[in-house]
Every structure is written in structure tokens, then in C-alpha cells.
1. So Gly213 fits all but one of (1) within 30 Å of Phe8 (Cα to Cα); (2) among the small types (Gly, Ala, Ser); (3) not in a loop (DSSP other than H, G, I, E, B); what number is the exception?
2. Of the residues in segment 225-238, how many are part of a helix (DSSP H, G or I), more than 21 Å from Lys372 (Cα to Cα) and not hydroxyl-bearing (Ser, Thr, Tyr)?
3. Counting only residues that are closer than 14 Å to Val228 by Cα and hydrophobic (A, V, I, L, M, F, W, C), which one in segment 167-192 is surrounded by the fewest Cβ atoms within 10 Å (Cβ to Cβ)?
4. Consider His141 against the criteria (1) buried (at least 16 other Cβ atoms within 10 Å of the Cβ); (2) in contact (Cβ under 8 Å) with a residue 40 or more places away in the chain: it satisfies all of them except one. Which criterion is unmet?
5. Suppose the filter is part of a loop (DSSP other than H, G, I, E, B) and either modelled with pLDDT under 95 or touching a His at 6+ places or on another chain (Cβ under 6 Å) (or both); does Gly241 pass it?
6. Run Lys452 past the list (1) at pLDDT 95 or above; (2) part of a helix (DSSP H, G or I); (3) charged (D, E, K, R) and report the number of the one that doesn't hold.
7. Any residue at all in segment 190-197 that is more than 20 Å from Asp234 (Cα to Cα) and either out of contact with any helix residue (DSSP H, G or I) (no Cβ under 6 Å at 6 or more places or on another chain) or part of a helix (DSSP H, G or I) (or both)?
8. Restricting attention to segment 397-447, and to residues there that are within 18 Å of Cys377 (Cβ to Cβ) and of a type in the set (S, T, N, Q), which single residue is modelled with the lowest pLDDT?
Amino acid sequence: MQARQRLFGTNGVRGVWGRELTSDVVIDLTYSIATYYEKGPIVVGYDGRRSGPAVARLVRSTLNSAGLDVADAGLVPTPCLQYAAKGPGYNGGIMVTASHNPPEYNGIKPAASDGVEIPREDELKVEDIYYSKQFAKIDGHGRQYADENVVPSYIEKALSLVDAEKIRAKKFTVAMDTGNGAQAVCAPLVAQKLGCKVRVVNGNIDGDFPGRGSEPTPDNLGVLAETVRSGRADFGVAFDGDGDRSIFCDDRGGIYWGDKTGALLIKHLLASRHGGAEVVCPVNTSMVLSMVARDAGLQVVHTKVGSVEVSREMVKRKSPLGLEENGGFMYGPMNEVRDGAMTTALVLDMLASAGESFSLLVSKLPQTFQHKTKFSCSSREVVESVIKACIEHGSPRKIETMDGAKIWLDEETWLMVRPSGTEPLIRMYAESTDRALLASKVDEYSRIVRSKMA
């Protein structure tokens, strides 16, 4: 019997609207989620994609026809919707988003009543319902109403979790690249309410993401870096399409991946208010975080790659701190999910407390060199052959197979290959304290990957 196709990827269900993600798929998937939830009300929001309002309307009306009450949160960042979902009166939430995927994509991301993405095992339950079409028969028709308090209540909570007065006294200048995405309706307000002067780039919401695309990377944030330098900002921050991830730029225009600035934040939070707390992160996270944790007498807890794995491990362990290298930082006192605006508030808190510049704080972190790349891939079989070839190559110190293959070449040099959970790609990550060795090994293993894809 042919294995059925998985619906859920690394983060929710995604596809090109009108092709993989058709109206029929959205309707049946929403009935499946409604059957899983059993009761409402459910809060529904969408990001700035052109198809967002139509898909969200379909989701809300399907939930209604399944007998569940629905609150319409409108256009909001994903973390705001997730925070609302765990509030009193809701039994969960659905965010219509494809995060950083290209403009033609959209997707559905369900959150449980604790505000966190539903666990992996519950994704399988939803898929069982979807494929069996065993939808719950609920009498009556749910009602629909607007919830206009989603963003204001989120901002109020975020401000309560930092030293607002100390931040306001510093009168920081912040450059923000909201990437034509949903965070434009929230993050600038958070910074302004903390007394910051905010310079916004790509601040108009546009589902085609014309400014620099929907995913912030060090390669496409030149305008943000220049805005920081020309405006003498204390730092810059860029968000992805739905606003749950944030990439930071220091006061000199240097741009860092999320695990570098995440390690900086963890160092601050362990020293200031979360001493002894466990830190949860995926297996592809920089060694810098492990070094920072070790200095604090702690071990890092590693998971598979994917924010759901990190978030759910945080919930299980009651850990307040989690992060991903792609710019996802999770702060448990707010919610155990990636959150770009909350992370920005925490960076302001860190700078106000340290009294030192962002670039100086980064310079005090352990020094490593990192490399990230990706390869287009035609099939799952090719992925498996690539990973097998990398595992069998050479004489590595050790190999971890929690997620793809993480190959330790020595104590301070590793390289990892794994399949993307959201796109037809193989991702490669590598890190070393030796820049020349890193470049050599990336070249060596890239040749292996390409030879298997030829």
C-alpha cells in the first residue's frame, strides 16, 4: 500500500494557493482541525499575503459550519495570534500564513489552547481525520465576531516583561525592516511605546514582498544595515513575512544569524532573571550557545530542527528559553513560540541593562565561523542517498543522526546535512573555530552532495 502524503511540514501545512493548497484542501483540513478541537471559540488571523483574506474567510466559515464559534483577528503577526489563542475564552487558534515562503504560497498553522503549535503527534491525528473524512457532526452553526484586541493585549504583555522605564530612559534609535510583512502592525509600536525613535524600512504591507523578499538573511539586509549606519541607530532588526522570526544588525551594520544574537540574549537572561534555566534549541545551533551555557554551568537541550520541536520541548520542561539559528527566539514568560517583536523588546532590555553597544557585546562572545547553504533536490530518495554518502565519507570524530546527519570533524568543527521540511531542498550547515578548515570541509562535502544529485 502506498504511503499517504504528509500534510504538515516543519511549520503547519503549506502550498501554492490554488495548486497544492486548493479551496477543497483548506475546507477539509479546517473540518479536520475543527474535529480535533471539538469545541470553540477559535481565533483566526492571517498575514499580509494577497491570498490571506480569502483563505482566512474560508477557514472561518468552515469552522462556523462545523458548529464552532470563531473570532476574526484580522491581519496580525503569528506570535500575536498565538498569544491570543491561549487567552481566556479561546480553545485554540489558526494562523493563515506561509511564513517565509514565496508570495504564491499560503498555509494553515493551528495552535493549541496553550498558544503553542499543536504537537507532532496531534498533527498525525489531524491527518488521520483528513484522510478518513471522519468529521465530527456538530449540531447548529457557530457565530463569528471580530477581536480587535489581539495586538493591543499582546503589546501590553510584552511591555510588562521588560524593564520599560530603564529602556525609555536610554532613548534608543532602532531601524526596523518589517519586510512588507505582518510585523508592520506591531513591532514598531512596541519600540515606540518603549521610548524608541523608530526608522522603518519596507513598512507597507505587500503580499508580493517587493522590498527584499519574505525571508530576512544576511545577504538581503543591506538597506537595513545602511539605515542603521546613516541614522546612527543603536541596532537594526528585520522580520520575516509573518513576524515570528527576527534577524539583528548591530550599531556598525554587522548582521548576525539568530543563534549568535540568541546566545547574546541567553547570556543576558541567564545572568539577570533566569539563572539556572534550561535552554532548548535545535541540533543545528551554533556552538557559541553551548559555550555561553557552559560558562553559566548549564547544558543545552537539543531537539530536531523545527520550531514545533523546540516549543513543545520547552513546554514539557517548563523552560523559559529557546531559540533557532534562523532567527526564531522563544521566550516562555510570553509564550513558548518564535516571536520577533518580543525578541526586539528583550534586545532593548539587554542593551539598557548592559550600558554597552550591540557590537561590543557581540565581540565578547566566543568566536566561531559559520556557513549555511542549500541545494535544490528532486526527491526524498536523493536526499537519503546524499545523507548516506556524507555519513560514509572520511573518518569523522562522531556522527549524530537526530535530524539528517551532523558530522563532527573535531571537537570544534561540525557539518550538517538535512532535508528541508518546507521546500524541496537539502540544507547544509557548518561551523568551526578555524575559518580555513571550515571552507575546506564545506567545499569537500558540497562536492559529495552535488555528485549524488547529478
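The values are calculated or read from the model by the stated rules, or taken from the named source; none is laboratory data. Predicted, not measured: the structure shown is a model, and the values here were computed from it. Note: ideal-geometry Cβ built from the backbone for every residue, glycine included; neighbour counts use all protein chains shown.
1. (3)
2. Going through segment 225-238 one residue at a time, the tally reaches 3.
3. Phe172
4. Status for His141: all satisfied but (1).
5. Against the criterion (part of a loop (DSSP other than H, G, I, E, B) and either modelled with pLDDT under 95 or touching a His at 6+ places or on another chain (Cβ under 6 Å) (or both)), Gly241 qualifies.
6. (1)
7. Checked segment 190-197: no residue is more than 20 Å from Asp234 (Cα to Cα) and either out of contact with any helix residue (DSSP H, G or I) (no Cβ under 6 Å at 6 or more places or on another chain) or part of a helix (DSSP H, G or I) (or both).
8. Once the filter is applied, the top-ranked residue is Thr422.
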